[in-house]
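The values are calculated or read from the model by the stated rules, or taken from the named source; none is laboratory data. No experiment lies behind these values; they were computed from the predicted model shown. Please note: Cβ atoms are built from the backbone with ideal geometry, for glycine as well, and neighbour counts cover all protein chains shown. Remember, those area values only see protein heavy atoms, side chains included, never the ligands or the DNA or RNA. Shrake-Rupley method; radii C 1.70, N 1.55, O 1.52, S 1.80 Å.
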Amino acid sequence: MANSRTVLILCGDYMEDYEVMVPFQALQAFGVSVHTVCPGKKAGDSCPTAVHDFCGHQTYSESRGHNFTLNANFDEVDLSKYDGLVIPGGRAPEYLALTPSVVELVKEFSKSGKPVASICHGQLILAAADTVNGRKCTAYATVGPALIAAGAKWVEPGTPDVCVVDGSLITAATYEGHPEFIQLFVKALGGQITGANKRILFLCGDYMEDYEVKVPFQSLQALGCQVDAVCPEKKAGDRCPTAIHDFEGDQTYSEKPGHTFALTTNFDGLVSSSYDALVIPGGRAPEYLALNEHVLNIVKEFMNSEKPVASICHGQQILAAAGVLKGRKCTAYPAVKLNVVLGGGTWLEPDPIHRCFTDGNLVTGAAWPGHPEFVSQLMALLGIQVSF
């Protein structure tokens, strides 16, 4: 995958957690260089994010998300160096739409004809920049009146995963539309995806890490894979609560409530042999999933058949319990080293923390900052390629 495209993501405080991290890490996994900027901040600074979820109330709920670290300086942005622009939603667009430097940047980018992909409330910035007049677009439903007033040809989001394309402009209603949203953006950048006719299974559980399920899940969907998620004692349509594990200056990670994650398939009656690869997210779920014999048998089946298995962070607790690490090299979150060593694995130090490793059919990572390598290495085992 040649790193032949460079993309800019326009960030702000309390942007939606998924709506920045999923495209950020998915695009990197596909070989795209991604720069993230926020007005008034510089590379190394962080933006707090917001978790927006639908919990049965008349509107979405909000809680504190991960801290997102910027990697470029807003004041040094040279638009000529970028091939595309991504605008996450959340609450950040409300104030970014009032920031003249942001509005001017979006205007100039739109005039260039390069792809602009905006999601959820991000379209408030498009309206402020006068870039939607006469163009079809969608957004989170409450943004509709502003877009109509700005002259847009409004497309009602009948479902949360709606995406709309009008020339170089790609818009989506919510993060549930990420798979199509990201795929459309990759194609607009000139990308071609091959080898993605694969079926992937995710082993989920309550309080798995929020990013560690959603980022690889939607990244693989964006490639065109069929991706299913199961959890013991749950069925399709049930949801798993997730945990946000972050690094905030303490001696170990902090935990906050994350999004709820919808399962796609029943655990009972699962035919695991029909899948081409297995993914095991981390978080706290692996502690109890490692005690479930059915879960362990699924892992053994994949490993014995030499199908790709990708496990991250605390997910390796399940691998150790299944007895499949003997003679294998792997990494994990550092606190899981004991499980790996006692399970007969050869420990690989995750230095830096985003380091991932492949040993035969096994891909392991230490934590969610490693998702670009994690997804990319799984793609390599599956024969999936993105070329520009």
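Annotations for the structure displayed:
- Matching residues in the stretch 321-344 - criterion: being more than 17 Å from MET208 (Cβ to Cβ) and either touching a residue at least 40 places away in the same chain (Cβ under 8 Å) or in a helix (DSSP H, G or I) (or both): PRO334, LYS337, LEU338, VAL340, VAL341, LEU342
- Residue in the stretch 43-63 that is among the acidic types (Asp, Glu) and assigned to a helix (DSSP H, G or I) present: no
- Comparison of SER254, SER311 shows that the only residue that is within 23 Å of the chain's Cα centre (by Cα), small (Gly, Ala, Ser) and open to solvent by less than 10 Å² (accessible area, probe 1.4 Å) is SER311.
- Within the stretch 64-96, the residues that satisfy the criterion of being open to solvent by 50 Å² or more (accessible area, probe 1.4 Å), in a loop (DSSP other than H, G, I, E, B) and over 23 Å from ASP210 (Cα atoms) are ASP78, ASP83.
- A residue that is among the basic types (Lys, Arg) and touching a helix residue (DSSP H, G or I) at 6+ places or on another chain (Cβ under 8 Å) occurs somewhere in the stretch 346-365.
- The residue of the stretch 328-351 that is most open to solvent (accessible area, probe 1.4 Å), among those that are more than 15 Å from HIS314 (Cα to Cα) and either modelled with pLDDT of 95 or more or in contact with a Leu (Cβ under 6 Å, 6 or more places away or on another chain) (or both), is LYS329.
- Residue identified as aliphatic (A, V, I, L, M), assigned by the TED database to the domain that holds VAL227 and either open to solvent by less than 10 Å² (accessible area, probe 1.4 Å) or closer than 30 Å to HIS294 by Cα (or both) among LEU201, LEU147: LEU201
- From the list GLY40, GLY12, the one residue that fits, being outside any strand (DSSP E or B), open to solvent by 50 Å² or more (accessible area, probe 1.4 Å) and farther than 18 Å from ALA222 by Cα, is GLY40.
- Residue in the stretch 131-144 that is farthest from the chain's Cα centre (by Cα), counting only those that are surrounded by 15 or more Cβ atoms within 10 Å (Cβ to Cβ) and hydroxyl-bearing (Ser, Thr, Tyr): THR131
- Any hit, the stretch 231-247, residues being at pLDDT below 95, open to solvent by 10 Å² or more (accessible area, probe 1.4 Å) and in the same structural domain as HIS354 (by the TED database): yes
- Among the residues of the stretch 96-110, none qualifies, meaning not one is at pLDDT 95 or above and within 18 Å of the chain's Cα centre (by Cα).
- Members of the stretch 65-89 that are out of contact with any strand residue (DSSP E or B) (no Cβ under 6 Å at 6 or more places or on another chain) and within 22 Å of PRO369 (Cβ to Cβ): ASN73
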